[in-house]
Amino acid sequence: MTKIFLDSNICIYAFDRTDIRKQQIAFDLLRRFPVISSQIIIETYNACTRKLKISPVVCDENSLFLCDITNVFEINATVIRTAVAFKTKYLLSFLDACIVATAYHANCSILYSEDLHNNLKIEGTMTILNPFL
């Protein structure tokens, strides 16, 4: 089975009840035991409290839920060094480069993201795909 990584925007849709189609796609991807990082959990928490206006208690539960159903890959110095290189090479913001570098070091072949460059190939081993297209 293909090893996948989910960007925070995918995780956010899992908790967003305003777009049922995107929510279902997000849950289908979460059922595949994807890789995420602590950055993804933090970004998801912040978006759920600020954008979706979900209570902090529910966001706490959602964060623990993500920990339970995903493989959380830790960001370390190697990932940061790769992110700095990817930032320039692929014209990414630093935070986006951290996501891409984490997925790359977790040996994922697909990074699902709504916001990053759809169909972008990273180092010939990973492809960024928008699952909502």
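No lab work stands behind these numbers, since they all come straight from the coordinates. What you are looking at is a predicted structure, and each value in this text was computed from that prediction instead of being measured. Don't worry about glycine lacking a Cβ; one is built from the backbone with ideal geometry, like all the others, and counts go over all protein chains shown.
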- Query: Amide H neighbours of Leu129 under 5 Å, counting only residues 5+ apart in sequence or on other chains, H built in-plane at 1.01 Å?
  - Reply: Leu111, Tyr112, Ser113, Asn119
- Simple label model, 7 Å out from Cα along Cβ direction - Thr78 to Leu64, nm: 3.2
- Note on the structure: Under the Karplus relation with 6.51, -1.76 and 1.60 and θ = phi - 60°, whole-Hz ³J(HN,Hα) for the range 98-108, x at Gly and Pro, equal 5, 5, 4, 5, 5, 4, 4, 6, 7, 6, 7
- Item | Loop-exposed GluC sites (Glu not before Pro) per DSSP, neighbour cap 13 Cβ within 10 angstrom, longest uninterrupted part of the chain | 1-73
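Please report the relative contact order for the range 4-129, taking Cα pairs under 8 Å with a sequence separation of at least 6, and give it as a percent rounded to a whole number.
28
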- Item | Amide H within-cut-off set for Ile54, under 5 Å, with H built and near neighbours excluded | Thr49
- Query: Going by how many other Cβ atoms sit within 10 Å of their own, how do Ile41, Ile20, Ile80, Ile4 line up, fewest first?
  - Reply: Ile20, Ile80, Ile41, Ile4
- Message: Between Leu133 and Asn118, what is 0.36 nm times their sequence separation minus the Cα-Cα distance? Round to one decimal in nm.
- Response: 4.5 nm
- One would report the antiparallel percent of DSSP beta bridges in the range 4-129, rounded to the nearest 5, as 15
- Label selected from (i) 12, 43, 34, 11, 0; (ii) 12, 40, 30, 14, 4, 0; (iii) 13, 46, 33, 7, 0, the criterion being P(r) over Cα pairs in 10 Å bins from 0, in percent as computed here: (iii)
- Mind sorting Val100, Val79 by how few other Cβ atoms lie within 10 Å of their own Cβ, fewest first? Val79, Val100
- The long-range amide H neighbours of Phe73, using H built 1.01 Å from N in the peptide plane and a cut-off of under 5 Å, are Ile36, Ser37, Ser38
